[in-house]
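Step one of this worksheet: look at the structure below.
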Amino acid sequence: MARDELQVIDRTYELLKWFLGRLAKFPRAHRYGLGQQIEPSYPQIAQISQMSRGQYE
């Protein structure tokens, strides 16, 4: 079970890291607007990954 918990956190981190890399390739004007809209959702994504850990307990 511990391995599954770590896998959820690891994959969430990899997803966010991948997305930030993709976002960096956008033109500056679009990058700012997308970043402003997406950045507030990071805590929500972290919360969802934490909640999913509880399903394995």
Two-site label geometry, residue 29 and residue 44: point separation in nm, points 7 Å out along Cα→Cβ:
2.7 nm
Using 7 Å Cα-to-Cβ label points, what is the residue 36/residue 20 separation (nm, one decimal)?
2.1 nm
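Computed from the coordinates by the stated procedures, all read-outs in this text should not be read as laboratory data. As the structure is a computational prediction, the values presented were derived from the model and not from experiment. Cβ atoms come from the backbone with ideal geometry, glycine included; neighbour counts cover every protein chain shown.
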